[in-house]
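Chemist: One structure follows; several queries about it will come next.
Any read-out appearing in this document is the output of simple, stated calculations on the displayed coordinates, not a laboratory observation. All values derive from a computational prediction rather than experimental measurement. As a convention, Cβ positions derive from the backbone with ideal geometry for all residues, glycine included, and neighbour counts pool all protein chains shown.
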Amino acid sequence: MTPMKTDPVILALCCHYCAYAAADLAGAMRLQYPSNVRVLRFPCTGKVEPNYILTAFEQGVDGVIVAGCLEGGCHFLEGNLRARRRVERVKELMQEAGLEPERLEMYNLSSADGPRFAEIVTEMSQRLKKLGPSPLRTDAAAAAPASEKTTPQTPPVSAGGAE
Ligand code: FES
């Protein structure tokens, strides 16, 4: 395992209604957490396709967080349950491909969980530091400018119901 020279790059795929609101709250509360997380907003984690996660790893992120509403609280009923099944499937694929599945994790948050969001990012950052840089990481991904970090993003997919 190679020690990391820079902070691990984390992509957080957050649903609009809960996890993204929690991330926003963490910012509004000025909570301290690693700044090397990029937050992408989805209408629902049910819209997070496995290939989005795999592409993120191919492009050199060290870890991916999928964060949706609490179980039973998804605004599209079962999107977060579908997301959890997909995350488990992607972890299996990662294992087969020789990429540590611990680099990917699914969490459930309420919109009031700002402190929990900060905690999750901190935990994932510490976990990734122990694992070392992703074997797929490129210098370009590691050297992304700070201005690209933790800025609210336009949803990568159009608003609408989860499948
Ligand atoms: Fe939040 Fe579905 S709306 S996970």
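Chemist: Which of the trypsin sites (Lys or Arg not before Pro) found in the stretch 1-107 are in a DSSP loop and have at most 13 neighbouring Cβ atoms, other than their own, within 10 Å?
Modeler: Loop-located and lightly packed - K5, R30.
Chemist: Let me ask something additional. Quick one: 3J(HN,Hα) in Hz for the stretch 116-122, Karplus 6.51/-1.76/1.60 with θ = phi - 60°, rounded, Gly and Pro as x.
Modeler: Using θ = phi - 60°, the values come out as 5, 4, 4, 5, 4, 5, 5 Hz.
Chemist: Just grab the label-to-label distance for T55 and L93, each label 7 Å out from Cα along the Cβ direction, in nm (one decimal).
Modeler: Going from the T55 label point to the L93 one covers 1.2 nm.
Chemist: Please go through the stretch 46-88 and write out the GluC sites (Glu not before Pro) that DSSP classes as loop and that have at most 13 other C-beta atoms within 10 Å.
Modeler: Those satisfying the criteria are E71.
Chemist: Enumerate the amide H contacts of R38 below 5 Å, restricted to partners 5 or more residues apart or on another chain; note that Pro and chain-start residues carry no placed amide H.
Modeler: Those lying under 5 Å, H to H, from R38 are I10, L11, A12, T150.
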